[in-house]
Structures are given as C-alpha cells and as structure tokens.
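These notes concern the structure reproduced below.
The values are calculated or read from the model by the stated rules, or taken from the named source; none is laboratory data. In this text, all values refer to a predicted model and were calculated from it rather than measured experimentally. Positions of Cβ are backbone-derived with ideal geometry, glycine not excepted, and every protein chain shown enters the neighbour counts. Accessible surface is based on the protein model in full, side chains and every heavy atom, while ligands, DNA and RNA are left aside. Shrake-Rupley method; radii C 1.70, N 1.55, O 1.52, S 1.80 Å.
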Amino acid sequence: MSRISEVVKQARTAFQSGRTRPLQFRIRQLEALRRMIKERGQDISSALAADLRKNEWASYNEEMVYVLEELEHMIQKLPEWAADEPVVKTPQTQQDEPYIHSEPLGVVLIIGTWNYPFNLVVQPMVGAIAAGNAVVLKPSELSENMANLLATIIPQYLDKDLYPVINGGVSETTELLKERFDHILYTGSTAVGKIVMTAAAKHLTPVTLELGGKSPCYVDKDCDLDVACRRIAWGKFMNSGQTCVAPDYLLCDPSIQNQIVEKLKKSLKEFYGEDAKKSHDYGRIINARHFQRVMSLIKGQKVAHGGTGEEASRYIAPTILTDVDPQSPVMQEEIFGPVLPIMCVHSLEEAIQFINQRKKPLALYVFSSNDKVIKKMIAETSSGGVTANDVIVHITLHSLPFGGVGHSGMGAYHGKKSFETFSHRRSCLLRSLQNDEAHKARYPPSPAKMPRY
Amino acid sequence: MDAFENTVQRLREAFSSGRTRPAAFRVAQLEGLGRFLRENKQQLQDALAQDLQKSAFESEVSEIAISQSEVDLALRNLRAWMKDQKVPKNLATQLDSAFIRKEPFGLVLIIAPWNYPLNLILVPLVGAIAAGNCVMLKPSEISKSIEKILAQVLPRYLDQSCFAVALGGPEETTRLLEHRFDYIFFTGSPRVGKIVMAAAAKHLTPVTLELGGKNPCYVDDNCDPQTVANRLAWFRYFNTGQTCVAPDYVLCSQEMQERLVPALQNAITRFYGDDPRSSPNLGRIISQKHFKRLQGLLRCGRVVIGGQSEENNLYIAPTVLVDVQETEPVMQEEVFGPILPLMTVRSLDEAIDFINHREKPLALYAFSNNSQVVKQVLARTSSGGFCGNDGFMHLTLASLPFGGVGTSGMGSYHGKFSFDTFSHHRACLLRSPGMEKINDFRYPPYSPRNLRVLLMAMEERSCSCTLL
C-alpha cells in the first residue's frame, strides 16, 4: 500500500474509533487550532512572506483574522448547530418525534490553493472538524513554504491520525484523488475542478468546488467616484491581484473612463507610493509561469498606468488598461494579477447583457448611488455572491455562504454553512410500537378511508 | 447536432428571457400541475395499474396524493420561500444590507425511475418550477404507460416554452447527458448515479442523486412480534417491494426470528389473503429482466413463507427467507422485490457492526419497545434517513429532507428542501458609499500601529475583529 493510502486509511480508522463524536473533543481540537495561530503567527507570517511577499499586516488581516473569527464563531455555536433540530409534525405523526440529526460524513479531503495558502486550507478545516470528521489536508505545492509549515505545525497541535497533511505535486494529488473520501472541498481552477469532480464521481463523493472566473465590476455614472475607485483599487491590487473575488475588470460609461483612471492612480499612489516596487505593502506574483502569463495579457493593450514588470522579483506594476476589446486575451481568462482592464459600455442594460453572455462569475460588483441600478444589476445577473458599493467584503461575513455557481463553483462554506456542508443531515422519525390499531387504516385489504397527508 | 439540441436551446432561451422569474408565472405552472393531477386521476391510476399493477389505494397514497400535496405546499409557501433571507451582520457591516437571494439555476434536468414513476418525477418538478427554472423531464421508458401520459398530456398543462419531456432508453439518456444543464436531479441506482455525476462533471453541473442500497431493519427481542411483522410486511410488500426505502433485510436474534416468521405469515395472510396471487392489493414486477433477477434470489437461503413465482404474470409471492449467507446474492444487491431475508445476530453490537461494514443505506430501521435501543442504533450508524418502530413513514413529512448519504446518494428534497435544492443561494451585501472613514484602517500603507491594534482586537475573545 502506498504511503498516501496508508495515511488515508489511518484517518479512516481514527474516525471509526468514534473519538470525534463528542462535541468536547471537537471543541478541544478547534481550541488547539486557535492556539496554533496565536502561538505560531510569526511562522505563518514568515511563510506567507516567503511565498507571496505578504507583509505581516496582510498575513493577519487577510488570512489569519478570518480563521480566528471562524474558530470563535464555530466554538461558540457548535452545541447549538450540532443539536437535533425538531421539525413540524403532520397530523399522523403528532405522537411521534421527527427531527433532523446532524452527523459527520467521515473522512473529508480539503485541497488548498496558493494565493491565500493558509486561510483557504484552514478555514474550511474548521467546519470539517466541527462537524466531527477526520480531515486530510492537501496544501498547494506552489506555496511551498506554507505547505511545509502546515505539515510541521498541524500535527504539533492537532490529533495526528485524524488530521494528516499530505504534500506533493500533481502526481501525488492524482493518487490522493483515487482514494475514497466522504466529501471533497477543492479550491482552485475550473479545469482542475472538473478533474476533481470526475474522480469524486467514481466513489459517489459529494464535492464543494470553489473555482473562479472573471468577476465584473460595474461603475455607474451616478456614484461617488473617489470612494468607488479607492475601494476598487484596494480589492483589485491586494495580494498583487491574486484573489479569486478580486474585481477582474471594470465596466463603465466612456464619459467617466478618464476620471476613473485618474482616481485609481491617485489611490494607488496613496497606497503604494510612486513606485509600488518599493512599497512593503505590495505583493509579488507566485511564480515565473504566472508572471509570464499575466505579462502577456498586457501585450498590445492601451496602458493607462503601469504595464511594466520585473522577472527576477516577479514584480508586476499596478496596471490599468483602457478601451479594452472584449475579444482580447485579457478578457478571455481570469486575470489573477494586478492588471485592471476597463471596458466601455453605454448603458446599464449593455453591461448586464455583456455579463450574461459570459460564464457566471464567483463575485459581481456594482457601484452606484442609485438603489434602482443596484437592484436591477443583481436581479438580472447571476454570480456566486455580490457586494454593492464595495468589493470582496461579502465573503468576510460568516453568516453569508461563500461559494460559486455554474463555472465558478458549486456548494459553499463559511460559518454555519461550513458545518452543514461537512455534515450529513439525517431525517429521523421515532415512533412507538403501541397502538398498532391506529394504523389499521393503512393496511390492506383496501381500507374504507384514505389516510390524509 | 442531435435530437435534443433544439429543445435544450429553446429552453435556455426561454430562461434567458426571464419568463420564469415572476412568482405569478411559477404559480400558474404549479396550478397547472395540480389540475393535471386532478383532471387525469383515473387515467393516471389506470396507467399505474398497467405498468406495475398498482392498486388504486397505493396509487392514491404514494403517487397522486403525495404529488398533489407537494404542489399545494409550494403554492401556499412560494412567496415566503422566494423572499430574500436576511442574515446577521458583524460590527463592520452594521449599516449594510446583508441577505441571501434565492435564484434559479437555469435549465434543470430531472431523470426519473419506473417504480414510483409519477411521484419521483412530479415532486422534484414542483421544486424546480417553484425555484424558477426551466425543466427537461426524462421519465423512465420502462414504465411505459405513465411515460406516455407525461409526454402527451402533461405538456398541455404547462408553458411549453419552459418545459420539455425527453423520451428514450439508455442510449438517448447518454446523449442527453452530453448537453450542459445547470442542475441535474437523478433518481435511480448507484451504478447509473456514477455515470450521471461523471457526465455532470464535464460541465461542472451540480447534482442531487437519490440512489439506493440495502436498508437494514434491526428487530430487538423486546417488542411485540405481531406489531413489528405488520409494519415490516406492509412496508416491504408495498409496490411489490419495488421501493428504494423499503426494509431490505432483517437482523434479529434466533429467538425473535422464530416468533417473527409466524407473525409475518399472519400479516401476509391478513393483507393478501390465502392466495396472494389473486389479491387486488398486491402488484407485479415491472419487467421480465427484474422478474428473472428476483426469481434467482428465491434460491438463496431457505424459503419459509411464499417463494412462488409465475413468469407470464410477472408475479412473485410475498416471500420470507431464512438461513441466508452474507455472500449470497440476496445479501449482496438491493432486493427491490417482495422478498425479505432474515439474518440472525447474537447481539445489538453484532447487528451494528454488520450494518457498519456495509455501504451507508438510504434508510435504516430499528424496532424496540426500549427507546434506548432505538437511539443506540441511530447513534452508532449512518443512513439517509431513519425511522424507529415503523417503516418509511419519515418520507411523509415534508418538513424532513429526503436524501441519501455515501452510495445511497447526495443532496435531498421534499417541501422547502426541494425549493432550496433547485436554487442558487447568492450571498449579497449592499454597502453604502458613505462611512468611508471606517474603512480607512484597511488601506495601505500599513503602519506597525495598525498591526498592534489588530492584534489587540484579536485578543478580545468575543469581538468581531474584522476591520475591513
């Protein structure tokens, strides 16, 4: 048996021991995870700096703080969420006990990705642990430092058999996907999402796929452009544009395009200074391949700002493109880099039509002071989630499910939704053996009266 | 370009037009569905009798009435279900509007089986319509009479730009599955479930799979054998055993088995008379293929009740088997027929072990006067659903989600769960452009002071420390 099979088998055996069933056990594991973040914050931060040139602030405010919030919330709410949920009875079941009973699924696989390599592996893990599962983690090999760190610290704080970390590249992941799991949560690309779901189908394993797409951002003529551009610049260029819910491209009326460019430039200067390369707060591209990919998207475009890059440090300047042609490469794939194309549309209807001709995105943004514009944009499009008059923030509220639709994904997690995603909600009806006469009506030969439902 | 291309295209265009979004449209469709059931009741009963020799009683309770009640439930609750669901906010979003918007996926495909050919296609249809989708129905070609009514009569009651019925066998279904749908709802066997999910994966289409398995039934020593036998027999032989949630096999002690067998005989005689073959309350097997399969199972173990079969009538007698081995076919595949194997165990622990070594079933049953025993079986096993001291009554509550786990399925439906299954739950946060000062904290350049403040806030246990 391969090492990977051994590890998964061990996790399953540990699950079958039953020790994850008591809530106390799960809470202790969650508390240990919380301790891990508080005690090893520096190490986590260093790994993020090495992988993505994230600074300490970003490590805490963009990764760790959300996991801590999720942990707090989960620890507090677990007894309530794990309790049996009584349901409305029918006339025939007045004397009975119908309820929904939440159970763990068994062994959950979480496949992480490299852009928020700590958060996107550990935040789902919180829900999986809380629901009583064993959890196999597969961090992304592209964020190598984080992968190695997780393999070291997780076993130092959590049950070693129940929550193994498996590292490796494509071939290890392929091998891992041959194993049987009871749920797989995958964060990453659409292409690999299909591979994961196909592998899951062989075992009838349910999946949650957090994928991506091009998240559109419509800026109305009637809006406070200063505020809008500040918020857009913040969300777009954080982590050097490598955020699945970053505003991918802008749609606006040609009459405000120049203003938008100027205000974006102003905010960029405010955030990163004259030369973003010198800013401690500006990140780098994860690797050479992605660097080249993003740089090639700029080729042949009208560059209103930035447009340069430095291969050695994988730095790409905050870049704004104007009058972008919808057929060009930068409008064909998710950019996942610090390049913001602006496309001109002449009306809200045109913007909506443009969006609807494309695959459903993970996020959608609309900036307007006019409620009607916002309502119409939301009503006539679809996306995983929406923030109006800001970007990204909808995913930070743990009472909102975080997930995609269509090509941007299926299923969701965060907060209570996580607990539900990683649980089986089992319908239960407890009746008594007394009074079988009451059921006479249902037995053949054909009864005189039809039971009413 | 195949037979379905045009239809799929047409349904997509209809969806894009927005026609299915208003509540009034959905209500009209649901009302149409209700009228279809009421106006064609006799024809539907006749068709079910033709396909499965289902009695009028069974057709009413397990097909027509249940479909009607789901239509009525949806009509009563549609507007409430469609409302945006407000969610609690944190400190940073206090002034914002946060809610979950339920949206249709688009084009839904519903593939139904032959055993409850009306129920298992119409109940999901109710949910898909209520959620605002356009729907392609693929009824089973094996239950031919119902298929005909669904293809020829049902469309007259629905807006035909938004609904279509696809016909054909495995080959046509394979071709149908090559098209992209926005949701696929499948009821059938685990084997085909895998094929459906693999096809769905090519388009990243989410699925609900209502599959099957072997539903164990634990009978404790502490119970009245006749009461248990009545309940076991009724739920086993209903629809001639062709029910995904029927008790599949019994686990009990040797002593209980000896009391259960005569009690089961009493129940069978009471229900179907001395000659079950002539009882109007016992149905027939759907096809030659399944008949032959079940006939084979009659050779397993030892027949203690029934065991008769008649090929040209597709008749199999209500049968009870004992002394079956785990390795025999009757204990390897889902029975899906009027045959009940009894297996003896020496203790509750042995029964639970036996159950847990197998795939998670769609349903699980435990009979005991001692509620602790029932609760133990529940706590130490897993299954789609569970009923203590009865058969699949849990299905009759629309307030309970109906679905499997593991190889018995994924996802669920019935009642509001149907509406939620066929909806995309879109997270929405509407912020105001004002109050920008609150956001200041999140913007670069970052000073060590920002970090100190954040770390301090993180120390506070119960505060919401998202300072975005």
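Run the accessible area of the stretch A:10-136 with a 1.4 Å probe and give the carbon-and-sulfur part as a rounded percent.
Numbers: 2010 of 4140 Å².
Carbon and sulfur together cover 49 percent of it.
Relative to the compact-globule scaling 2.2 N^0.38 Å, provide the ratio for the alpha-carbon radius of gyration of the stretch A:216-395.
On the way: Rg = 15.2 Å, N = 180, 2.2 N^0.38 = 15.8 Å.
Normalised Cα radius of gyration, the stretch A:216-395: 0.96.
A 21 angstrom limit on the alpha carbon distance is what I want to check against. Which of A:Lys194/B:Lys194; A:Lys89/B:Lys89; A:Lys160/A:Lys417 exceed it? Could the numbers behind the result be given before it?
Numbers: A:Lys194/B:Lys194 14 Å; A:Lys89/B:Lys89 32 Å; A:Lys160/A:Lys417 26 Å.
Flagged as over cut-off: A:Lys89/B:Lys89; A:Lys160/A:Lys417.
Using Stokes-Einstein with the Kirkwood hydrodynamic radius over Cα pairs, what translational diffusion coefficient do you get for chain B at 37 °C and a viscosity of 0.692 mPa s, in µm²/s rounded to a whole number?
For the chosen part, D equals 134 µm²/s.
Name the trypsin sites (Lys or Arg not before Pro) in the stretch B:284-342 that are in a loop by DSSP and that have at most 14 other C-beta atoms within 10 Å, would you? Walk me through the numbers before you get to the answer.
Values: sites: B:Arg284, B:Lys289, B:Lys292, B:Arg293, B:Arg299, B:Arg302; in loops: B:Arg284, B:Arg299.
Passing sites in the stretch B:284-342 are B:Arg299.
Mind checking the per residue accessible area of the stretch B:309-410 for me, 1.4 Å probe, whole number of Å²? Walk me through the intermediate numbers first.
Working: 3320 Å² over 102 residues.
With the other protein chains kept in place, the stretch B:309-410 gives 33 Å² per residue.
Quick check: at a probe of 1.4 Å, how many percent of the accessible area of the stretch B:280-353 sits on carbon and sulfur atoms? Please report the intermediate quantities before stating the final value.
On the way: 1450 of 3200 Å².
The computed percentage sits at 45.
Any idea of the total accessible area buried by the A-B contact, 1.4 Å probe, rounded to 100 Å²?
Numbers: alone 20850 and 21530 Å², together 33460 Å².
By this definition, chains A and B bury close to 8900 Å².
Per residue, what volume in Å³ does the convex hull of the Cα atoms of chain A enclose? Let's see the in-between values first.
Working: hull volume 82.7 nm³, N = 453.
Once divided by residue count, the hull of chain A is 183 Å³.
State the dimensionless ratio Rg/Rh of the stretch B:261-312 (Rg: radius of gyration of Cα atoms; Rh: Kirkwood radius). Each step should come with its number before you reach the end.
Values: Rg = 12.0 Å, Rh = 12.3 Å.
Here the Rg-to-Rh quotient is 0.98.
Could you list the trypsin sites (Lys or Arg not before Pro) in the stretch B:1-91 that lie in coil according to DSSP, counting only those with at most 13 other Cβ atoms within 10 Å of their Cβ? Walk me through the numbers on the way to the answer.
Numbers: sites: B:Arg10, B:Arg12, B:Arg19, B:Arg26, B:Arg35, B:Arg38, B:Lys41, B:Lys54, B:Arg76, B:Arg79, B:Lys83, B:Lys86, B:Lys89; in loops: B:Arg19, B:Lys54, B:Lys83, B:Lys89.
The qualifying sites are B:Lys83.
Can you give the Kirkwood hydrodynamic radius for the protein assembly as shown, in Å, rounded to one decimal and based on Cα pairs?
Result for the protein assembly as shown stands at 29.2 Å.
So, in Å, what gap is there between the alpha-carbon centers of the stretch A:259-277 and the stretch B:86-129?
Taking the Cα centre of each part, the stretch A:259-277 and the stretch B:86-129 sit 43 Å apart.
Which value, in Å², gives the accessible area per residue of the stretch A:216-395 when a 1.4 Å probe is used on the protein heavy atoms? List each step's numbers first, then the result.
Working: 6560 Å² over 180 residues.
That works out to 36 Å² for each residue.
Scaled to the compact-protein estimate 2.2 N^0.38 Å, what is the alpha-carbon radius of gyration of the stretch B:60-105, rounded to two decimal places?
Details: Rg = 17.2 Å, N = 46, 2.2 N^0.38 = 9.4 Å.
It is 1.82.
State whether the stretch B:1-87 is rounded, prolate or oblate according to the following rule on the C-alpha gyration tensor (a ≥ b ≥ c being the square roots of its eigenvalues): a/c under 1.5 gives rounded; otherwise a/b larger than b/c gives prolate, and the remaining case gives oblate.
Values: a/c = 2.78, a/b = 1.34, b/c = 2.07.
In terms of gyration-tensor shape, oblate.
How big is the stretch B:61-152 on each of its three principal axes, counting only the C-alpha atoms and giving the largest first in Å?
Computed over the stretch B:61-152, the largest-to-smallest principal extents equal 59, 26, 19 Å.
Return P(r) of the stretch B:131-201 (all Cα-Cα pairs; 10 Å bins starting at 0; whole %; ordered from short to long distances).
Per 10 Å bin, starting at 0, the Cα pair percentages come out as 17, 49, 31, 3.
Starting from a Cα-only point model with no solvent, please compute log10 I(q)/I(0) by Debye for the stretch B:216-402 at q = 0.08, 0.15, 0.18 1/Å.
Results for the stretch B:216-402 at q = 0.08, 0.15, 0.18 Å⁻¹ read -0.23, -0.84, -1.23.
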